[in-house]
Amino acid sequence: MPYMPTELPAPNPTMDERPFWENCAKQRLTFQRCADCGHYRHPPTPVCGKCRSTRCEWGDAPEMGEVFTYTVVHHPSHEAVKPVLPYNIAVVAFPELNGVRLVSNVIDAGPDDMRVGMKVRLVWEEHTAGVFLPRFRRA
């Protein structure tokens, strides 16, 4: 059973985000990296915030990350999430990638289990046919 209901809208990527979601469809988590200075960034942008280069490439993320911060949602923002309340929203950091962060969920952690600094491992969840979302489990 998916962590979040499939009735929620699927991602609708911008031109800059399209490679991220295309790689997710292959169950491959990647982040945009400056082709000149190597700085990772997320969400994807057309210009590097560190050196202002417009050249970019995509690099694989490690399977392990850590919870940078989180919140536990008790009030539904969409009708479809009412049955899964409460749920967590976690910001997962990847220290090896200059701290780049991804908003996701820790699917095996209840509200009282969540901790800043908790080590997590990447897992994939199929949202709808061919749309895979990066989620995390406690490591």
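The values are calculated or read from the model by the stated rules, or taken from the named source; none is laboratory data. None of these values were measured; they are calculated from a predicted model. Methodologically, a virtual Cβ is constructed for each residue, glycine included, from the backbone with ideal geometry; neighbour enumeration extends over all protein chains shown. Just the protein is used for accessible areas: all its heavy atoms, side chains included, with ligands, DNA and RNA removed. Shrake-Rupley method; radii C 1.70, N 1.55, O 1.52, S 1.80 Å.
At-a-glance table
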item: Residue 129, sole failed condition from (1) under 24 Å from residue 20 (Cβ atoms); (2) open to solvent by 60 Å² or more (accessible area, probe 1.4 Å); (3) modelled with pLDDT of 95 or more; (4) aliphatic (A, V, I, L, M); result: (3)
item: Test: residue in segment 98-106 that is within 21 Å of residue 127 (Cβ to Cβ), of a type in the set (D, E, K, R) and modelled with pLDDT under 95; result: no
item: Filter result (among the aliphatic types (A, V, I, L, M), open to solvent by 20 Å² or more (accessible area, probe 1.4 Å) and not in a loop (DSSP other than H, G, I, E, B)) within segment 81-112; result: 84, 89, 91, 103
item: Selection count where residues are among the basic types (Lys, Arg) and within 17 Å of residue 123 (Cβ to Cβ), scope segment 1-27; result: 1
item: From the options 42, 78, 74, residue that is touching a residue at least 60 places away in the same chain (Cβ under 8 Å) and surrounded by fewer than 12 Cβ atoms within 10 Å (Cβ to Cβ); result: 78
item: Verdict on residue 8 being over 28 Å from residue 117 (Cβ atoms) and touching a strand residue (DSSP E or B) at 6+ places or on another chain (Cβ under 8 Å); result: yes
item: Neighbours by Cβ (under 8 Å, 6+ apart or cross-chain): first from segment 114-139, within 26 Å of residue 12 (Cβ to Cβ); second of a type in the set (S, T, N, Q) and open to solvent by less than 30 Å² (accessible area, probe 1.4 Å); result: 133/104; 134/104; 135/104; 135/105; 136/104; 136/105
item: Which listed residue is open to solvent by 20 Å² or more (accessible area, probe 1.4 Å), at pLDDT 95 or above and hydrophobic (A, V, I, L, M, F, W, C), from 20, 68; result: 68
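Yes/no matrix, rows are residues, columns are (1) in a strand (DSSP E or B); (2) within 22 Å of residue 114 (Cα to Cα); (3) more than 13 Å from the chain's Cα centre (by Cα); (4) of a type in the set (A, V, I, L, M):
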{"site": "14", "(1), (2), (3), (4)": "no, no, yes, no"}
{"site": "45", "(1), (2), (3), (4)": "no, no, yes, no"}
{"site": "57", "(1), (2), (3), (4)": "yes, no, yes, no"}
{"site": "68", "(1), (2), (3), (4)": "yes, yes, no, no"}
